[in-house]
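Trainee: Got a structure here, written out as structure tokens. Questions coming.
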Amino acid sequence: MGKGLWERFPGQVDEADMILGYSVKDVCQGTVGNLDQTDYTQPALYVVSCLSFLAWAEDSGKQASFAAGHSVGEYAALFAAGMVRFGDGLRMVQKRGELMAKQAGGGMAAVIGMELEGIKAALAGNPSLEGVDIANINAPGQIVLSGKKEDIIAAQAVFEAAGARRYVPLNVSGAFHSRHMRAPGEGFREAVSIVEFFQPFFPVISNLEAKPYEQGREAELLVRQIYSPVQWVDSILYLRAQGEMDFVELGPGSVLTGLLRRIK
């Protein structure tokens, strides 16, 4: 994660280390902190995704027409579009990770092989799962649930009985992108309110509304994103409706490319 980027963009790496108080490169290499903990994961993902964008822009000589990022990836999309300075984006992500890391007792699980309407019906038909929310609408047949850990565990039998092909608990500490994150979301408001947002070079699609950010609403959208579902399917459908385009996934891994192939 980040291989080949650290030496290429020393200015941004030095700025990141100064803001974070540790070496982000060392976190990615496993010698500092714990990359599995969200207060380390989120800043690392942001930095690597931003540097990946800079490398792509430099190597390709191209200008993006749109940007979208999944969950914390949205902050890198804002940087790519020139809406936030690199350091301001990282400070927001660091605070976001700290607040979310404090939320113990939550869990998430991916439901594979069931469509959104079937999942909604299963939740509505089981009062014991009233505290479980839909967190990520990633692709047809791949929806992520979020809630208290005991409710996420109990939901497995319900969804397997309802026809899910697989039910996969995720290695997370909190009930991210659910109503249970409202308190950290509101706690995040102060950190976002002091950030200066700029006119974008190109539109950024918000996770919350699956349409471009509107100037003046940036803080509101980022606060609500923490406790609302990621509308990834609708975001991709919005982009596809704008005409023919090439999609490029920037950052570690290729999960989003896999989701893209399933969204028609």
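Trainee: So, of the residues in segment 222-238 that are aromatic (Phe, Trp, Tyr) and out of contact with any Gly (no Cβ under 8 Å at 6 or more places or on another chain), which turns out to be most open to solvent (accessible area, probe 1.4 Å)? Full working, then the answer.
Mentor: Residues of segment 222-238 that are aromatic (Phe, Trp, Tyr), as a first pass: 227, 232, 238.
If we keep only those that are out of contact with any Gly (no Cβ under 8 Å at 6 or more places or on another chain) too, we end up with 232, 238.
On the way: 232: 12, 238: 67 Å².
Here the answer is 238.
Trainee: Within the set of pairs 6 or more residues apart or between chains, which connect a residue that is under 16 Å from residue 228 (Cβ atoms) inside segment 68-86 to a residue that is polar (S, T, N, Q) and in a loop (DSSP other than H, G, I, E, B) with Cβ atoms less than 9 Å apart?
Mentor: 68/206; 68/207; 69/207; 70/207; 71/207; 73/207; 74/206; 74/207
Trainee: List the number of the failed condition for residue 89; all other conditions in (1) touching a helix residue (DSSP H, G or I) at 6+ places or on another chain (Cβ under 7 Å); (2) farther than 19 Å from residue 226 by Cβ hold.
Mentor: (2)
Trainee: Residues in segment 208-221: is at least one in contact with a Gly (Cβ under 9 Å, 6 or more places away or on another chain) and modelled with pLDDT of 95 or more? I'd like the intermediate steps shown before the answer.
Mentor: To start, the set of residues in segment 208-221 that are in contact with a Gly (Cβ under 9 Å, 6 or more places away or on another chain) comprises none.
Within segment 208-221, not a single residue is in contact with a Gly (Cβ under 9 Å, 6 or more places away or on another chain) and modelled with pLDDT of 95 or more.
Trainee: Separate question: So residue 246 clears everything in (1) of a type in the set (D, E, K, R); (2) farther than 23 Å from residue 56 by Cβ; (3) open to solvent by 60 Å² or more (accessible area, probe 1.4 Å); (4) without any contact (Cβ under 8 Å) to a residue 12 or more places away in the chain except one condition, right? Which one?
Mentor: (2)
Trainee: Follow-up. Is it the case that some residue within segment 33-42 is of a type in the set (Asp, Glu) and farther than 29 Å from residue 106 by Cβ? Explain how you work it out, then say what you get.
Mentor: Here is the first cut: in segment 33-42, the ones of a type in the set (Asp, Glu) are 36, 39.
Then keep just the ones that are farther than 29 Å from residue 106 by Cβ; that gives none.
Checked against the condition, which is being of a type in the set (Asp, Glu) and farther than 29 Å from residue 106 by Cβ, segment 33-42 yields no hits at all.
Trainee: Continuing with this model, one more query. Scan 57, 110, 77 and give me the residue that is within 30 Å of residue 162 (Cα to Cα) and out of contact with any helix residue (DSSP H, G or I) (no Cβ under 6 Å at 6 or more places or on another chain). Spell out how you get there, then give the answer.
Mentor: Numbers: 57 fails: within 30 Å of residue 162 (Cα to Cα); 77 fails: within 30 Å of residue 162 (Cα to Cα).
Only one candidate passes the filter, namely 110.
Trainee: Kindly indicate which of 241, 210, 219 is more than 26 Å from residue 62 (Cα to Cα) and either hydrophobic (A, V, I, L, M, F, W, C) or surrounded by 18 or more Cβ atoms within 10 Å (Cβ to Cβ) (or both). Steps first, answer last, please.
Mentor: Details: 241 fails: more than 26 Å from residue 62 (Cα to Cα); 210 fails: more than 26 Å from residue 62 (Cα to Cα).
From the options 241, 210, 219, the qualifying one is 219.
Trainee: Does segment 234-250 include one or more residues that are within 22 Å of residue 112 (Cβ to Cβ) and in a loop (DSSP other than H, G, I, E, B)? Steps first, please.
Mentor: Step one: of segment 234-250, the residues within 22 Å of residue 112 (Cβ to Cβ) are 234-237, 249.
Those still in the list that are in a loop (DSSP other than H, G, I, E, B) too: 249.
Yes, segment 234-250 contains at least one residue that is within 22 Å of residue 112 (Cβ to Cβ) and in a loop (DSSP other than H, G, I, E, B).
Trainee: Something else now. Give all pairs with beta carbons closer than 6 Å in which a residue from segment 95-120 that is closer than 17 Å to residue 142 by Cα meets a residue that is open to solvent by 10 Å² or more (accessible area, probe 1.4 Å) and among the basic types (Lys, Arg); count only pairs at least 6 apart in sequence or on separate chains.
Mentor: Qualifying pairs under 6 Å: 107/149; 112/165; 112/166; 113/165.
The values are calculated or read from the model by the stated rules, or taken from the named source; none is laboratory data. Please read these numbers as outputs of a predicted model, since none were measured by experiment. When we count neighbours, we look across all protein chains shown, and the Cβ atoms used for this are built from the backbone with ideal geometry, even at glycine. Ligands, DNA and RNA are stripped out before the accessible areas are found, and what is left, the full protein with its side chains, is counted by its heavy atoms. Shrake-Rupley method; radii C 1.70, N 1.55, O 1.52, S 1.80 Å.
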